[in-house]
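Okay, so here's the structure we're looking at.
The values are calculated or read from the model by the stated rules, or taken from the named source; none is laboratory data. Since we're looking at a predicted model, the values are computed, not measured. Cβ atoms come from the backbone with ideal geometry, glycine included; neighbour counts cover every protein chain shown. When the accessible area is computed, the model is the full protein with side chains, heavy atoms only, and any ligands, DNA or RNA have been set aside. Shrake-Rupley method; radii C 1.70, N 1.55, O 1.52, S 1.80 Å.
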Amino acid sequence: MSYDISAVRADFPILSREVYKRPLVYLDNSATTQKPRQVVDAMTEEYYNVNANVHRGVHFLSQQATELHEQSRETVRRFLNARSSSEIIFTRGTTESINLVASCFAKGCMQAGDEVIVSELEHHSNIVSWQLQEARQGIKLRVIPITDDGELRLDEYEKLFNEHTRIVSIAHVSNVMGTVNPVEEVIRIAHEHGVPVLVDGAQSTPHFEVDVQRLDCDFFAFSGHKIYGPTGVGVLYGKEEWLEKLPPYMGGGEMIKNVSFERTTFNELPFKFEAGTPDYVATTGLARALDYVTTLGMDNIFQHEQALTRYALEQMQEIEGMRFIGNPKHRDAVISFLVGDIHHLDMGTLLDRLGIAVRTGHHCAEPLMHRMGVQGTVRASFGLYNTMEEVDILVAGIKRVAQMF
Ligand code: PLP
């Protein structure tokens, strides 16, 4: 253990609360993570002592708020190892980041009949955003199939490229099975065909180090709330050359240089894509969250969560009737399962009464559910503050529920 788990847990007040008179065991980290004091305190401090709209004011508070906001952008740049902070666009989250790329890329770089490659294990946000463009612009979706273990079929992926392929949009990590996709390989192959790649990093950034220059991805999206930061803020990284090419997403204040009824010119990057007042307090919270995980060490977090996941898999496979959905070789801290013919909703509801928070359902990945032949799963997902004792409580809880059926 490379960090003091008790000290870490003490940073998250919610972890010491009880539900149904039992200690909370929070295993729904893929949906959202809890927030450390450092994040909430920084946001409270800003609301109480700094608050003013950014970028527009000459007065002291506005300048201070702008400085904090732009420092946060620099913190994100460092976290992703982007070349320049003008490649960091603040959005409301992964969903908005993907929609921004889908909308602007389809408008600026695609014509009817052009194709985007996605995969069978995508979250709805990386399917529907493109389907909207399918309806509006006549573009087409091509889908990389997966194996029964829940891994990408790279052999089939290569076959999807043709003269109409314009972009690949792919999850870094599956939010259902934890599959860590070989995105380096996916990107390399796409680039051989002269095609850019958007990586959905919603489920990778909280768990291991991401270096966008090393990956060589063209776009990268993630959400603040999944990495111990506030809700309502996220990031789109884009290579400058691509962001320059794309038309703006929304119109409004901040994204313009000059406006007249005859001709409006747009602001430089990254502001061209940031219409309106940003959630500048949330960007401060996000920066403190990134500081938090960086101080603990992404490698330490990775080792800790991998140990938890390995232990959980070992213990869970001893349970009679246990069926894991997906069995990827490279798995992040996520386990989807079903036991016998117990409905996922029943399992989730009964675990909840034992104080254990897991997620049930299709996890915003209905095409993946169809592929795996299930209607839904129970999903346990780990975060940096979870413990082996909590895994034991989960395993005992599943056994207890199974005995009731
Ligand atoms: N992509 C993946 C893989 C996800 O797991 C999620 C959320 O669960 C999203 C995208 C959407 O993230 P958000 O709701 O924060 O925009």
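Looking at the range 15-26, can you tell me whether even one residue there is closer than 26 Å to Pro278 by Cβ, without any contact (Cβ under 8 Å) to a residue 40 or more places away in the chain and away from the ligand (no atom under 16 Å from the Cβ)? Looking for residues that are closer than 26 Å to Pro278 by Cβ, without any contact (Cβ under 8 Å) to a residue 40 or more places away in the chain and away from the ligand (no atom under 16 Å from the Cβ), one finds none in the range 15-26, hence no.
Candidates Ile89, Ile98, Ile14: the one that is part of a strand (DSSP E or B) and not charged (D, E, K, R) is Ile89.
Taken over the range 145-176, the criterion of being over 22 Å from Val101 (Cβ atoms), of a type outside the set (Gly, Ala, Ser) and part of a loop (DSSP other than H, G, I, E, B) is satisfied by Pro145, Thr147, Asp148, Asp149, Glu151, Arg153, Val176.
Listed by position, the strands (runs of 3 or more DSSP E) contained in the range 289-377 that have at least 1 residues being basic (Lys, Arg), modelled with pLDDT of 95 or more and out of contact with any Asp or Glu (no Cβ under 8 Å at 6 or more places or on another chain) are 322-324.
For the structure I just gave you, tell me whether His164 is surrounded by 18 or more Cβ atoms within 10 Å (Cβ to Cβ) and either under 22 Å from His362 (Cα atoms) or outside the structural domain of His362 (by TED's automatic domain parsing) (or both). Considered against the rule, which asks whether it is surrounded by 18 or more Cβ atoms within 10 Å (Cβ to Cβ) and either under 22 Å from His362 (Cα atoms) or outside the structural domain of His362 (by TED's automatic domain parsing) (or both), His164 comes out as no. Is there a residue in the range 103-111 that is within 30 Å of Trp130 (Cα to Cα), basic (Lys, Arg) and over 20 Å from the mean Cα position of the chain (by Cα)? Yes, because at least one residue in the range 103-111 is within 30 Å of Trp130 (Cα to Cα), basic (Lys, Arg) and over 20 Å from the mean Cα position of the chain (by Cα).
In the range 80-109, the residues that are basic (Lys, Arg) form Cβ pairs under 8 Å with partners that are open to solvent by 20 Å² or more (accessible area, probe 1.4 Å) and within 16 Å of the ligand (Cβ to nearest atom), at six or more places apart or across chains, as follows: Arg92/Gly232; Arg92/Asp279. Number of residues in the range 66-103 that are open to solvent by 20 Å² or more (accessible area, probe 1.4 Å) and either touching a Cys at 6+ places or on another chain (Cβ under 8 Å) or closer than 11 Å to Val212 by Cβ (or both) equals 4. In this structure, does Arg353 turn out to be more than 23 Å from Ile227 (Cβ to Cβ) and not hydrophobic (A, V, I, L, M, F, W, C)? Yes.
All of (1) farther than 13 Å from Ser97 by Cβ; (2) assigned to a strand (DSSP E or B); (3) open to solvent by less than 50 Å² (accessible area, probe 1.4 Å) hold for Pro278 with one exception: (2). Considering only residues in the range 387-405 that are within 14 Å of Gly340 (Cβ to Cβ) and among the aliphatic types (A, V, I, L, M), the one that is most open to solvent (accessible area, probe 1.4 Å) turns out to be Met404. For the range 348-383, the tally of residues that are basic (Lys, Arg), surrounded by 18 or more Cβ atoms within 10 Å (Cβ to Cβ) and more than 22 Å from Asp149 (Cβ to Cβ) stands at 0.
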